Amino acid sequence: MEGSFVLQVTLIGFFAGVLGTLLGGVLGLLFKVSRGNKLSFILGFAAGIMMAIVFLELILETMEMDLIAWGTAGLVIGVLVFLLLDFLIPHHHTVTDDGGDARFLKKGTLLTLGIGLHNLPEGLAIGAGFAASSELGVTLALVIALHNIPEGLAVATPLVMAKISKTRVLLMTAGAGLPMAVGAFLGGVIGNISLLLLAVSLGFAGGAMLYIVCDELIPDAYEEAKNTHWPIMGILIGVVMGIILINVFG
């Protein structure tokens with residue numbers, strides 16, 4: 001594979017990943033979400049859209065590849081790895097004035113890792129798409145860039161709540177998109193990627209996101225809610241948004 005082709009594919013993966021999540025980060029800074037019901041809705045929305053991506057995109061893709069067993073194995077490994085990370089990075093779900101900032105910083109960091117892991121196999125898909133045809137590669141890059149906007153918003157919201165600098169928020173949201181460039185590079189170099197490896201990678205990303213959704217986002221969304229149903233409304237709208245993105249642009 002020519003070096004200029006690989007460089008071009010890598011740059012496209014870079015811009016598709018970083019610009020999408022960065023735009024979501026900018027939206028997170030502009031919204032200036034306050035704690036309480038608004039934050040519970042945003043956390044629920046993030047959980048909903050990530051849940052849709054896990055089951056209607058990542059895992060469904062392994063089923064269509066007829067490699068659901070490998071995808072499921074990756075899912076289990078992803079959950080277990082993030083469970084281990086939870087032991088290495090102790091936290092609590094109870095909101096306190098003393099621990100609030102650290103709590104949201106950890107949540108934002110985990111979301112950055114989860115979204116980044118999700119972007120790696122999507123970068124592989126972009127690279128493999130360009131190896132097949134430039135039209136397919138461009139289409140995948142545009143679709144994935146759109147996907148990354150709400151994901152960047154999901155990353156930025158807890159980081160803003162952690163009261164870190166705007167520059168750091170933008171750097172972390174942009175960083176969540178960087179693995180897409182790595183994936184695009186690998187996809188461009190390898191060309192026809194091993195389906196088994198891709199299935200495990202998709203499952204692993206799904207497991208990481210599933211853990212974040214169920215252990216972090218949903219519990220904290222309800223913890224922030226003031227005896228209202230804002231979290232479930234956020235989850236519902238997030239799932240619907242995920243379905244629309246996957247079916248219209250996927």
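The values are calculated or read from the model by the stated rules, or taken from the named source; none is laboratory data. Since the structure is predicted, the reported quantities are computational estimates derived from the model, not experimental observations. No Cβ is skipped: glycine too gets one built from the backbone with ideal geometry, and neighbour counts run over all protein chains shown. Calculation scope for accessible area: heavy atoms of the full protein, side chains included, ligands and nucleic acids excluded. Shrake-Rupley method; radii C 1.70, N 1.55, O 1.52, S 1.80 Å.
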Practice prompt. Quickly run through segment 222-235 and pick out the residues that are farther than 9 Å from Ile49 by Cα and either β-branched (Val, Ile, Thr) or open to solvent by 50 Å² or more (accessible area, probe 1.4 Å) (or both).
Written response: Tyr222, Glu223, Lys226, Asn227, Thr228, His229, Trp230, Ile232, Met233
Worksheet, complete the sentence: When (1) of a type in the set (S, T, N, Q); (2) open to solvent by 10 Å² or more (accessible area, probe 1.4 Å); (3) touching a residue at least 60 places away in the same chain (Cβ under 8 Å); (4) under 17 Å from Leu43 (Cβ atoms) are applied to Ser201, the one that fails is (4)
Discussion item. Checking Val182 against (1) within 22 Å of Asn148 (Cβ to Cβ); (2) at pLDDT below 80, only one condition comes out false. Which one?
Written reply: (2)
Worksheet item: Among the residues of segment 41-53, is any open to solvent by 10 Å² or more (accessible area, probe 1.4 Å), out of contact with any helix residue (DSSP H, G or I) (no Cβ under 6 Å at 6 or more places or on another chain), in contact (Cβ under 8 Å) with a residue 24 or more places away in the chain and not aliphatic (A, V, I, L, M)?
Response: no
Response to the item:
In the set Thr157, Thr109, the lone residue that is hydroxyl-bearing (Ser, Thr, Tyr), open to solvent by 50 Å² or more (accessible area, probe 1.4 Å) and modelled with pLDDT of 70 or more is Thr109
